[in-house]
1. Applying the selection to segment 176-203, what residues are touching a Pro at 6+ places or on another chain (Cβ under 9 Å) and either open to solvent by 60 Å² or more (accessible area, probe 1.4 Å) or of a type in the set (Asp, Glu) (or both)?
2. Would you confirm whether or not segment 151-169 contains a residue that is without any contact (Cβ under 8 Å) to a residue 24 or more places away in the chain, farther than 13 Å from residue 8 by Cα and open to solvent by 50 Å² or more (accessible area, probe 1.4 Å)?
3. Going through segment 29-38 one residue at a time, which ones are surrounded by fewer than 19 Cβ atoms within 10 Å (Cβ to Cβ) and not in a loop (DSSP other than H, G, I, E, B)?
4. Restricting the search to segment 1-22, which residues are open to solvent by 30 Å² or more (accessible area, probe 1.4 Å) and in contact with a helix residue (DSSP H, G or I) (Cβ under 8 Å, 6 or more places away or on another chain)?
5. Which of the residues that make up segment 39-88 are open to solvent by 80 Å² or more (accessible area, probe 1.4 Å) and touching a residue at least 40 places away in the same chain (Cβ under 8 Å)?
6. Which condition number does residue 135 fail, the rest of (1) open to solvent by 50 Å² or more (accessible area, probe 1.4 Å); (2) farther than 16 Å from residue 21 by Cβ being met?
Amino acid sequence: MKLYYTPGVCSLAPHIVMRETNTPVTLVKTDIRATKTTEDGADYRTTNPLGYVPALELDDGTVLTEVSAIVQYIADKAGATDLAPANGTMDRYRMQAWLSYAGTELHRNFTPLFNAAMPDAAKQIFRERLATRFAHLDKHLNTNDYLMGAKYTLPDAYVFVVLRWTKPLEIDLSQYPALEAYRSRIAGRPAVQAALQAEGLAS
């Protein structure tokens, strides 16, 4: 399998899950910002016409996109029921709800903050939206080590990646101590450290 990634963006989540499950994968570094090419100069849009990562290319040539779908595929193929509860169970649906929260309530509200053309007044609206989401997470994590309770699961990897974006955007999380402790807890996982190192990123 090949995982098309750009260092530090949302593709880091499936990269982490690959390492959590010891899934063999070839990493293909991809420029999604300027040239839309892979590190060997190929046009990435022939793999994903939308030009963004992640994309997971299977051995038969099938291409799967979107973080939530890819991480579930990886975990299910690896039989990693510790990361992804069995299909059809209520815990699986709860996990999918958290994956959706990571993508629509966190990731989506971060994206405009990286847009240089976005007016500051508009960016402030998104910062305020994120603050309400952080508060929700902080309250939940006051009584839970991870999103699903005591066990680390797929959405924790995704939320960790998104929370890393607070640093370059200078968003202070100190008023959310449970959220900060959660981020540090995940950062210390060996698979997370290995993925960060492979992408040339600091924890």
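1. Selection gives 199, 200.
2. no
3. 29, 31, 37, 38
4. 19, 20, 22
5. Within segment 39-88, 59, 77, 82 meet the criteria.
6. Every listed condition holds for residue 135 apart from (1).
Residue by residue, here is whether (1) farther than 18 Å from residue 146 by Cβ; (2) hydrophobic (A, V, I, L, M, F, W, C); (3) part of a helix (DSSP H, G or I) holds:
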site: 17; (1), (2), (3): no, yes, yes
site: 64; (1), (2), (3): yes, yes, no
site: 70; (1), (2), (3): yes, yes, yes
site: 84; (1), (2), (3): no, yes, no
site: 99; (1), (2), (3): no, yes, yes
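This table checks each residue for (1) at pLDDT 95 or above; (2) in contact with a Cys (Cβ under 7 Å, 6 or more places away or on another chain); (3) small (Gly, Ala, Ser); (4) more than 21 Å from residue 164 (Cβ to Cβ).
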| position | (1), (2), (3), (4) |
| --- | --- |
| 35 | yes, no, no, yes |
| 46 | yes, no, no, yes |
| 61 | yes, no, yes, yes |
| 66 | yes, no, no, no |
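The values are calculated or read from the model by the stated rules, or taken from the named source; none is laboratory data. Just so we're clear, the structure is a prediction, and the values are computed from it rather than from any experiment. Every residue, glycine as well, gets a Cβ built from its backbone with ideal geometry; the counts of neighbours run over all protein chains shown. Remember, those area values only see protein heavy atoms, side chains included, never the ligands or the DNA or RNA. Shrake-Rupley method; radii C 1.70, N 1.55, O 1.52, S 1.80 Å.
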